[in-house]
Amino acid sequence: MAAPTARKCQPIHIYEIMERLGIDPSGGVIPRLSLSYAAALHRCEACPSEQACRDWLDSLPAAVAFAPRFCPNVDIFFELQVDQSRPHGQI
C-alpha cells in the first residue's frame, strides 16, 4: 500500500494582507463573519498566485486600501473592510 501523498505546503499571505488592509484577523470568531474568514483562508491556500502576492506585499507600504485584482479574496476582503467600518451593533 502506497503512502498518501502529502499536500504541498505553501506559505500563505492572508494574515499579512489582512493587516495591510486594516482587517482584524480575530474577527473570524464572530459567528456572522466566520464563514467569510474560512472561505478566504481556503481560497488563499489554493491560490496559484503565491509569488505575485509576495511581490505585491513586498512592493507596497504598510497600509493599502484594496487587495490586488489577482487575489481570489478581493470580494471577501472588501466586505470585511466595510463590515469593520460600521459601528458595533449595526448589521
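The values are calculated or read from the model by the stated rules, or taken from the named source; none is laboratory data. Only a predicted model underlies this, so the values are computations on that prediction, with no experimental measurement involved. Here the Cβ is made from the backbone with ideal geometry for all residues, glycine too, and neighbour counts use every protein chain on show.
Give the residues of the stretch 53-75 that are of a type in the set (Val, Ile, Thr) and modelled with pLDDT of 95 or more, sorted by residue number. Break it down into steps so the answer makes sense when it comes.
Step one: of the stretch 53-75, the residues of a type in the set (Val, Ile, Thr) are 64, 74.
Answer for the stretch 53-75, where residues must be of a type in the set (Val, Ile, Thr) and modelled with pLDDT of 95 or more: just VAL74.
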message: Just the residues that are touching a Gly at 6+ places or on another chain (Cβ under 8 Å) and either small (Gly, Ala, Ser) or outside any helix (DSSP H, G or I) (or both), please, taken from the stretch 40-81.
response: ALA63
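Given the condition part of a loop (DSSP other than H, G, I, E, B), on the phi > 0 side of the Ramachandran plot and either modelled with pLDDT under 90 or not hydrophobic (A, V, I, L, M, F, W, C) (or both), answer yes or no: does some residue in the stretch 3-26 qualify? Reasoning before the result, please.
Here is the first cut: in the stretch 3-26, the residues part of a loop (DSSP other than H, G, I, E, B) are 3-13, 22-24.
Keeping just the survivors that are on the phi > 0 side of the Ramachandran plot gives 22.
Filter once more, so that each one left must be either modelled with pLDDT under 90 or not hydrophobic (A, V, I, L, M, F, W, C) (or both): 22.
Yes, because at least one residue in the stretch 3-26 is part of a loop (DSSP other than H, G, I, E, B), on the phi > 0 side of the Ramachandran plot and either modelled with pLDDT under 90 or not hydrophobic (A, V, I, L, M, F, W, C) (or both).
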- request: Enumerate the pairs (first residue in the stretch 69-84 and within 12 Å of CYS44 (Cα to Cα) and without any contact (Cβ under 8 Å) to a residue 40 or more places away in the chain; second residue anywhere and outside any helix (DSSP H, G or I) and hydroxyl-bearing (Ser, Thr, Tyr)) with beta-carbon separation below 9 Å, excluding pairs fewer than 6 apart on the same chain, so at least 6 apart or on different chains.
  value: PHE70/SER49; PRO72/SER49
